[in-house]
Amino acid sequence: MSNTIITFNEVSKRYDHTDDYAVKDVSLNIEQGEFITILGSSGSGKTTLLKMVNRLQEPSSGTITLFGENIAVMNPVALRRKIGYVIQQTGLFPHLTIAQNIAVVPKLLKWPRSKIEARVDELLELVGLPPKEYRNRYPAQLSGGQQQRSGLARALAADPDVMLLDEPFGAVDAINRTSLQDELLRLHRGLGKTFLLVTHDINEAFKLGTRVIIMDKGQVCQFDTPERIAKHPADGFVTSLIASSRQQERFWEELYD
Ligand code: ADP
Ligand code: MG
């Protein structure tokens, strides 16, 4: 049986001093253990949708629940500790080593030192950064891809139920991006956590997502499995999105024919 972890009930968001809704009338359920990707062009409301889950933004109307509880009545700090958050700019503290960066939340939670050290090593192994080599480096001493791995490790530190990832590989080159995507899939399968990942790349969205939320102008055009979206696009916008990706595929096929 599936278990609903996050629910959006008629959620809309309009920022102060703006005319248009950034997010409009979103209602949907996310089941525990899903890998949800949120696909849309720039300005379609993806980041706003994600940030409302950990209350970095508040809805103008509607409610969001986590395990059936309205998040608006939860302590935002306690909520954020249950939710991992990874962004393109990693947010790693430049003056702290990678180990210290990963240990930030466990320290706030007052874990014993030995437990923190063991967790840091375990996480570095998990994201493919051998601890001996990497734990005492500073963020500036890592490549972009390695910094993203460290950001991922830090977000996983306190074993959150939900991971929010906002274009985590946006600044990583194509080769490293593919291997990071593969590792993220492996991590997701192994951890059984719920992932929500924002991307503007249709290939990334369809490769990673168990279900894909397609957004346009703040609204959800379609929310379904990649297969069903490809077979039955809900509207003209989704149809054109898929057509443009097919066109790209044909370009490569013709090149190697
Ligand atoms: P995306 O992540 O898909 O690019 P965003 O959620 O960042 O989209 O933005 C959706 C809309 O909300 C855009 O029109 C954007 O300009 C607007 N917006 C985003 N953040 C703010 C803000 N802090 N204040 C005012 N408008 C904002
Ligand atoms: Mg964004």
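Summary of values
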{"item": "Among beta bridges that DSSP assigns inside the chain, antiparallel share in %, nearest 5", "result": "50 percent"}
{"item": "The chain: relative contact order as a whole-number percent, Cα under 8 Å and 6+ apart", "result": "26 percent"}
{"item": "Residues with amide H under 5 Å from that of ILE38, placed H, sequence gap 5 or more", "result": "LEU197, VAL198, THR199, ILE213"}
{"item": "Segment 94-136: trypsin sites (Lys or Arg not before Pro) falling in loop per DSSP and having at most 16 other Cβ within 10 Å", "result": "LYS110"}
{"item": "Structure-based [θ]222 nm, the chain - -39500 (n - 2.57) summed over DSSP H runs of at least 4, per residue, nearest 500", "result": "-12000 deg cm²/dmol"}
{"item": "Taking segment 83-159 and dividing mean pair separation by its residue count, relative contact order in percent (alpha carbons under 8 Å, at least six apart)", "result": "50 percent"}
{"item": "Three-way shape call for the chain based on the alpha-carbon gyration tensor, with the a/c threshold at 1.5", "result": "oblate"}
{"item": "Among ASP173, ASP224, ASP16, residue whose mean-square fluctuation peaks in a GNM of the chain (springs only between Cα atoms under 10 Å)", "result": "ASP16"}
{"item": "Rg to Rh, two decimals, where segment 83-159 supplies the alpha carbon set and Rh follows Kirkwood", "result": "0.92"}
{"item": "Links that overshoot a 32 Å alpha carbon limit, given the list LYS110/LYS207; LYS46/LYS82; LYS193/LYS217; LYS24/LYS107", "result": "LYS110/LYS207; LYS24/LYS107"}
{"item": "Largest to smallest accessible area among SER44, SER27 [probe 1.4 Å]", "result": "SER27, SER44"}
{"item": "Segment 227-238 - phi-based ³J(HN,Hα) in whole Hz, Karplus 6.51/-1.76/1.60, Gly and Pro as x", "result": "4, 5, 5, 4, 7, 10, x, 6, 8, x, 5, 5"}
{"item": "Solvent exposure of the chain as accessible area per residue, Å², 1.4 Å probe", "result": "51 Å²"}
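The values are calculated or read from the model by the stated rules, or taken from the named source; none is laboratory data. All values derive from a computational prediction rather than experimental measurement. Here Cβ is always computed from backbone atoms with ideal geometry, including for glycine, and neighbour counts include all displayed protein chains. Heads up: the accessible areas ignore ligands, DNA and RNA and are worked out on the full protein's heavy atoms, side chains in. Shrake-Rupley method; radii C 1.70, N 1.55, O 1.52, S 1.80 Å.
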